[in-house]
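Okay, so here's the structure we're looking at.
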Amino acid sequence: MEEYNKKFYEMTPAERLAQLAEQTSLDQSALDALSGADGLNLAQADHMIENVVGTYALPMGVAQHFLINGREVPVPMVIEEPSVVAAASFMARLARAGGGFTASATAPEMIGQMQVLDVPDLQQAKAALEAQREGLLAEANQIDPLLLKLGGGARDLQVRLIEKSPIGPFLVLHLIMDVRDAMGANAINTALERLAPQVERISGGRVLLRILSNLADRRLARAQCRIPEEALAFNNYTGAEVRDRIIEAWAFAAADPYRAATHNKGIMNGVDAVVIATGNDWRAVEAGAHAYAARSGRYTSLSTWSKGEDGSLLGSLEMPMAVGIVGGATRVHKGAAAAIQLMGVKTAAELAEVIVSVGLAQNLGALRALATEGIQRGHMALHARQVAIAAGAPEDMVAAVSEQMINEGKIHIQRALEIIESWRAK
Ligand code: MEV
């Protein structure tokens, strides 16, 4: 890495790819997929969804400095918002001072739900279903022998009584399945549809919905980090000040849902960017995150920040993480497959650990900025660049045009056009 004088963020996209090629085992086709030169083609897109007319591109950045469970991880992030990749990289660098991120994931257990209506005797049906638990699990396990071979399969069956609803009481059956390295929606939904006729026979009721729950609270990912006090100091702020302000900012989110929604959105800036880069279902992860944040009955922060005994800042994040590395777009989309390869993750659990670490880093970046100089300063530089580009500044002028707009405090297209014009006239 030393032979490169430039920092990663100072390089051109081609130089960054060349560096990644040196640092990782990515072959040319994976690099082409990451760069978009050979990402998703029209024929593949036409097989993915319906009524396809084209593809839609977003920037793919690679966050730097992530040390997760002692391993260096270049993190692919697909996102339209400026500052997110820079903040993640910067915070990952701060976290290194305390050993990086420590992350873990529970077993990849997903929950499927079956809504059982018109049950003649709810308590009796509940008991009957519970008594047939083993038989139902065995039936579910006949569907996918490969999943069983890989160590996954149906794990549990729970029956819940919903006492009050707009249509009166009914039963809900939860099927818990270990889906290994898949996101698991297909495995769960197939198993539920297979079991429904038996559940109707046993309960005497009528099965209506058979669908996965996105509140994947048995498939959690956790990340922690410790930032030494001295690493937090910058400009005129001491490390202790920055630490205490971050904790105060977090307390706001812990206590108030209006703030918690924005705080968690900042976490999801990092989470979603990696989820999207790897071809995973970000709506599922979003739904799980926010439902989990409201699990106590009051919507709150997904993360916690506190002061360690040695004065360091301690952060932790726990959230559902229903992501896979097999099946769906993760394999069909070459860019997604290359993103997974870039991180060197071998299991869905490892991917979940990376994602939750990035979420925690992103949260730290937002709180650190908000609780000190505000986020507009950093945003403005990138915003000015975008305005300069939108005004048609040639590549070699973009930096100078944006700098002049920032210095003048006038960041808008009209001013950019005037600056470009005046320079052209010279
Ligand atoms: C902006 O995309 C995200 C933030 O609003 C997050 C936060 O307020 O914590 C900066």
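Summed over region 188-238, residues that are β-branched (Val, Ile, Thr), open to solvent by 60 Å² or more (accessible area, probe 1.4 Å) and touching a strand residue (DSSP E or B) at 6+ places or on another chain (Cβ under 7 Å) total 1. The criterion of being surrounded by 22 or more Cβ atoms within 10 Å (Cβ to Cβ) and farther than 30 Å from Arg180 by Cβ holds for Gly365.
Among the residues here, Ile406 does not qualify as among the hydrophobic types (A, V, I, L, M, F, W, C), modelled with pLDDT under 95 and within 16 Å of the ligand (Cβ to nearest atom).
Taking the listed residues Leu67, Leu40, the one that is in the same structural domain as Ile276 (by TED's automatic domain parsing) and farther than 27 Å from Gly99 by Cβ is Leu40, with no other qualifying.
Residues are listed down the side, and each one gets a yes or a no for (1) of a type in the set (Gly, Ala, Ser); (2) within 16 Å of the ligand (Cβ to nearest atom):
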residue: Glu72; (1), (2): no, no
residue: Met77; (1), (2): no, yes
residue: Arg96; (1), (2): no, no
residue: Ser104; (1), (2): yes, no
residue: Ile111; (1), (2): no, no
residue: Asp118; (1), (2): no, no
residue: Gly135; (1), (2): yes, no
residue: Ala140; (1), (2): yes, no
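Scanning region 265-284 for residues that are open to solvent by 50 Å² or more (accessible area, probe 1.4 Å) and either more than 21 Å from Pro76 (Cα to Cα) or in contact with an Asp or Glu (Cβ under 7 Å, 6 or more places away or on another chain) (or both) yields a count of 1.
Just checking, which of Gly311, Gly297 is open to solvent by less than 10 Å² (accessible area, probe 1.4 Å), part of a loop (DSSP other than H, G, I, E, B) and either among the charged types (D, E, K, R) or more than 16 Å from the ligand (Cβ to nearest atom) (or both)? None of the others qualify; the one that does is Gly311. Would region 221-236 turn up any residue that is within 16 Å of the ligand (Cβ to nearest atom) and assigned by TED's automatic domain parsing to the domain that holds Ile79? No, that holds for no residue.
Only a single item in (1) in contact (Cβ under 8 Å) with a residue 60 or more places away in the chain; (2) away from the ligand (no atom under 16 Å from the Cβ); (3) of a type in the set (Gly, Ala, Ser) is not met by Ala273, and it is number (2). Among the residues of region 243-264, at least one is among the β-branched types (Val, Ile, Thr), open to solvent by 30 Å² or more (accessible area, probe 1.4 Å) and within 16 Å of the ligand (Cβ to nearest atom).
Put simply, of Gly344, Gly365 the only residue that is at pLDDT 95 or above and at positive phi is Gly344.
Inside region 285-294, can you point out the residues that are open to solvent by 10 Å² or more (accessible area, probe 1.4 Å) and not in a loop (DSSP other than H, G, I, E, B)? Please lay out each step first, then the result.
Step one: of region 285-294, the residues open to solvent by 10 Å² or more (accessible area, probe 1.4 Å) are 286-287, 290-292, 294.
Listed by number, the residues that qualify are Glu286, Ala287, His290, Ala291, Tyr292.
Of the residues making up region 353-376, those that are outside any helix (DSSP H, G or I) and either more than 8 Å from the ligand (Cβ to nearest atom) or small (Gly, Ala, Ser) (or both) number 4. Residues considered: Val356, Val398, Val387. Of these, the only one that is open to solvent by less than 30 Å² (accessible area, probe 1.4 Å) and in contact (Cβ under 8 Å) with a residue 40 or more places away in the chain is Val356.
The values are calculated or read from the model by the stated rules, or taken from the named source; none is laboratory data. Bear in mind that the values here come from a model prediction, so they are computed numbers and not experimental data. FYI the Cβ positions are ideal-geometry reconstructions off the backbone, even for glycines, and counts take in every protein chain you see. When the accessible area is computed, the model is the full protein with side chains, heavy atoms only, and any ligands, DNA or RNA have been set aside. Shrake-Rupley method; radii C 1.70, N 1.55, O 1.52, S 1.80 Å.
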